[in-house]
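S.K.: Dropping the structure in here first, questions after.
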Amino acid sequence: MHALIKNILILGIISLFITSCSTMNKSECLTADWRTIGFGDGANGHTASRISQHRSACAEHGITPDLNAYNAGRSQGLSQYCIPSKGYHKGMSGVSYNGVCSGHNEKDFLDAYNFGYAIYKEEKILSNMKSDYSREQHRISSLERSLQYKEQQIISGKLSKVKALMLLNETKQMAEELGKAKSNLNNIAASIQDQEGRIASIRSERNYN
């Protein structure tokens, strides 16, 4: 009985997964305007293999896509997708180019895409710099708290001379480390400022908005 319930649950999950992956439901398959569907897929930059997903989704309902109408619509949609501004924003988002613009203004699209992707990579560098800055800030705060605690122990007068001397040496080393960390923080801040200027300069070369 337990095994039967388990199998039913598994089948239910598989069925739900298949349904969620389907590009079209029964109603959509039955009323499909394949030219419009193709246009939408083209305008959204879907590859030619998208029709195979529609075919699989509608096959169980006995519906076969109109390939000619779909391809005509997709071609029109790609004409709207394969424009420089779209390429630029796709590059800026870091997504891979899937080659859909071949034969549809691909040269201009790719030129804008590569420009956007170059900015994306510079933004990633900036993001890493800011992460380094944040980590160094936390390290400095931790060092300052630890140093303050050790100094308070030393001046409390409750420690033996040996222990106090050990802590004094530790505070000297920690103070040196703190100084280096603060210097490094300043260097990172300068690098961030330079990188922000670099990105602003690159952006100013073109305007795809």
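S.K.: Could you check segment 87-139 and list, in sequence order, the residues that are over 20 Å from ALA43 (Cα atoms) and touching a Gly at 6+ places or on another chain (Cβ under 6 Å)?
M.R.: Hits for segment 87-139 are TYR117, TYR120.
S.K.: May I pose another question? Could you check HIS89 against (1) in contact with a Leu (Cβ under 8 Å, 6 or more places away or on another chain); (2) within 24 Å of ARG203 (Cβ to Cβ) and say which number it fails?
M.R.: (1)
S.K.: Next question, about the same structure. Output the residue which, of all residues in segment 50-85 that are in contact with a Lys or Arg (Cβ under 8 Å, 6 or more places away or on another chain) and of a type in the set (Ser, Thr, Tyr), is modelled with the lowest pLDDT.
M.R.: The extreme case among them is THR64.
S.K.: While we're on this one: Among the residues of segment 1-49, write down those that are modelled with pLDDT of 90 or more, of a type in the set (S, T, N, Q) and under 22 Å from SER75 (Cβ atoms).
M.R.: Answer for segment 1-49, where residues must be modelled with pLDDT of 90 or more, of a type in the set (S, T, N, Q) and under 22 Å from SER75 (Cβ atoms): THR36, ASN44, THR47, SER49.
S.K.: So if I check each of SER93, SER127, which one is in the same structural domain as ILE192 (by TED's automatic domain parsing), closer than 30 Å to ILE188 by Cβ and among the hydroxyl-bearing types (Ser, Thr, Tyr)?
M.R.: On inspection, the qualifying residue turns out to be SER127.
The values are calculated or read from the model by the stated rules, or taken from the named source; none is laboratory data. Please read all numbers here as calculations on a predicted model, not as lab measurements. Backbone-built Cβ (ideal geometry, glycine too); neighbour counts: all protein chains shown.
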